[in-house]
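Undergrad: Quick one: the structure is below, questions incoming.
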Amino acid sequence: MTEQKPLIKEFTKGIIKENPVLCLVLGTCPTLAVTTGVSSALGMGIAATAVLVCSNSVISLLRKLIPQKVRIPAYITVIASFVTIVQMIIKAYAPALNDALGVYLPLIVVNCIILGRAEMFASKHGAAASALDGLGMGIGFTAALFIMGSIREILGAGSWLGLKIPFLCENPILIFILPPGGFFVFGMLMALANKLNSKNTAAKTNTACSACPMNDKCSRQTGKECRN
Amino acid sequence: MSITQLVGIFLAAILTENYVLCKFFGICPFLGVSKKLDTALGMSGAVTFVMVLSTAATWPVYTYILVPNQLEYLQTLVFILIIAGLVQLVEIILKKYMPSLYNALGIYLPLITTNCAVLGVTMLVLDKGAENPEFGYIASLVNAFGAGIGFLVAMVMFAGVRERLEAADIPESLKGLPITLVSASLVACSFLGFNGIVDRLLS
């Protein structure tokens, strides 16, 4: 039983404490782009989760074989292969989702959540822990996308998952599904996460930014965003 | 393709299809590197450079190698590897032969491999080419260059906005990224105003 506990922690930390979108601020591009509706947000979340779990497990299994110097290209190749598989599955079984996600589906390759977890976690831990970490992070990502998608679809289109909401659907606030609304809702959600996090004294999390190649140049390095 | 059409593609890529503010590509560098004007300029210069180069490389590979062999599904894998290899190559060449340019752009180059704006532009021009057969190699390059300049415009504008924010009195929870995103939202609003302007200008 003692071995079970840390594994569950690897799973749960990604959902709230280290939520990749709201706390670690990774994967902002898909977060803003596909959350115009709940269904595309969920589709993106599930696709990214699948890639994250598979790539995390494979990279963790290969971690002793990949030479240190070429690890980033090797990780990218592994991730790109899984993205291609997911892309083909979605094209075959959910063509509508494929159209909704468009170019953002192949862009999962450059989603920094996936490369970040490969570098921060999978390259140092066993396959089971890495898969659970990937699953937790993926669910955290999906949850954040789902919340953003719901807010934007309800306010901007007056519907939820395609179901019309009385009153709101006659008076949609169109700006919420336009690009400015995306930035605004994301900013507000992050402010809310800051507010909640400043209250409880959670343990300090390691910033996943150190995996990002932008690390030295990035001004977020101050770590102010998620006050743990 | 006529010159007017190419100018139209170029302007549309900068204004109406701005990659950062309308399509949400490259948000990471947009939020991360836009704090100072000089780093914003350096980063967008490097992005423009790599965008044009990678489109120049991926377009022929896709059209003349992948499509005839029915390997379109390898697009993602091949493109990301081409971009990663190209960035490395450019870095080495610049270091050796153009040290002044390397000093200006060099530090930003390795950061660009995982920038989704670059991969995004190489894929989007192919989508456009699939819809409109006239949209060929030259148009793709012009579109890539316009996308880079659009990135530059957004970065430089936003660097100005952020310098003002430094002095502003911001509520505690909004400090840092949240207020930056809200200001990005306002800047994106201004870009909505360009909708339709390009078609009107050229018709």
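Undergrad: Considering every residue within the stretch B:99-111, establish whether at least one is touching a Gly at 6+ places or on another chain (Cβ under 7 Å), within 25 Å of B:Leu192 (Cβ to Cβ) and more than 9 Å from chain A (Cβ to nearest Cβ).
TA: No.
Undergrad: To continue, here is another question. Tally time: how many residues in the stretch B:49-73 are assigned to a helix (DSSP H, G or I) and modelled with pLDDT of 90 or more?
TA: Adding up the residues that qualify gives 16.
Undergrad: Another question about this same structure. Pull up the stretch B:165-180, narrow it to residues that are assigned to a helix (DSSP H, G or I), touching a Ser or Thr at 6+ places or on another chain (Cβ under 9 Å) and not β-branched (Val, Ile, Thr), then point me to the one that is surrounded by the most Cβ atoms within 10 Å (Cβ to Cβ).
TA: Out of the qualifying residues, it is B:Ser173.
Undergrad: All but one of (1) more than 19 Å from the chain's Cα centre (by Cα); (2) in a helix (DSSP H, G or I) hold for A:His125, so report the exception by its number.
TA: Going through the list (1) more than 19 Å from the chain's Cα centre (by Cα); (2) in a helix (DSSP H, G or I), A:His125 breaks only (2).
Undergrad: Quick one: is A:Gly43 away from every other protein chain (no Cβ under 14 Å) and under 15 Å from A:Met148 (Cα atoms)?
TA: So A:Gly43 passes the test.
Undergrad: Can you name the residue in the stretch A:170-218 that is part of a loop (DSSP other than H, G, I, E, B) and modelled with pLDDT of 80 or more and, of all such residues, is nearest to the other protein chains (Cβ to nearest Cβ)?
TA: Looking at residues that are part of a loop (DSSP other than H, G, I, E, B) and modelled with pLDDT of 80 or more, I get A:Leu178.
Undergrad: Now for a separate question. Given the residues B:Phe30, B:Phe79, which is the only one that is surrounded by 14 or more Cβ atoms within 10 Å (Cβ to Cβ), within 11 Å of another protein chain (Cβ to nearest Cβ) and at pLDDT below 90?
TA: The conditions single out B:Phe30.
Undergrad: Of everything in the stretch B:161-201, what is under 17 Å from B:Gly150 (Cβ atoms), more than 9 Å from every other protein chain (Cβ to nearest Cβ) and among the aliphatic types (A, V, I, L, M)? Give them in sequence order.
TA: B:Val161, B:Ile197, B:Val198, B:Leu201
Per-residue answers, yes or no, for (1) more than 30 Å from A:Ile177 (Cβ to Cβ); (2) surrounded by fewer than 23 Cβ atoms within 10 Å (Cβ to Cβ); (3) in contact (Cβ under 8 Å) with a residue 12 or more places away in the chain:
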site	(1), (2), (3)
A:Val70	yes, yes, no
A:Thr77	yes, yes, no
A:Ala94	no, yes, yes
A:Pro106	no, no, yes
A:Ala127	yes, yes, yes
A:Ile139	no, yes, yes
A:Leu145	no, no, yes
A:Gly149	no, no, yes
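Undergrad: Checking the condition in contact with a Cys (Cβ under 8 Å, 6 or more places away or on another chain) and surrounded by fewer than 23 Cβ atoms within 10 Å (Cβ to Cβ), which residue from B:Thr16, B:Thr48, B:Thr4, B:Thr39 passes?
TA: B:Thr16
Undergrad: Can you name the condition, by its number, that B:Ser140 falls short on among (1) within 14 Å of another protein chain (Cβ to nearest Cβ); (2) polar (S, T, N, Q); (3) surrounded by 13 or more Cβ atoms within 10 Å (Cβ to Cβ); (4) in a helix (DSSP H, G or I)?
TA: Against the list (1) within 14 Å of another protein chain (Cβ to nearest Cβ); (2) polar (S, T, N, Q); (3) surrounded by 13 or more Cβ atoms within 10 Å (Cβ to Cβ); (4) in a helix (DSSP H, G or I), B:Ser140 comes up short only on (1).
Undergrad: Which condition number in (1) in contact (Cβ under 8 Å) with a residue 40 or more places away in the chain; (2) aliphatic (A, V, I, L, M); (3) away from chain B (no Cβ under 14 Å) is the one that A:Leu62 fails?
TA: In the conditions (1) in contact (Cβ under 8 Å) with a residue 40 or more places away in the chain; (2) aliphatic (A, V, I, L, M); (3) away from chain B (no Cβ under 14 Å), A:Leu62 misses (1) alone.
Undergrad: Mind checking whether some residue in the stretch A:103-119 is more than 13 Å from chain B (Cβ to nearest Cβ), in a helix (DSSP H, G or I) and within 27 Å of A:Lys17 (Cβ to Cβ)?
TA: Scanning the stretch A:103-119 turns up at least one residue that is more than 13 Å from chain B (Cβ to nearest Cβ), in a helix (DSSP H, G or I) and within 27 Å of A:Lys17 (Cβ to Cβ).
The values are calculated or read from the model by the stated rules, or taken from the named source; none is laboratory data. Just so you know, these numbers come straight off a predicted model, no measurement behind them. Positions of Cβ are backbone-derived with ideal geometry, glycine not excepted, and every protein chain shown enters the neighbour counts.
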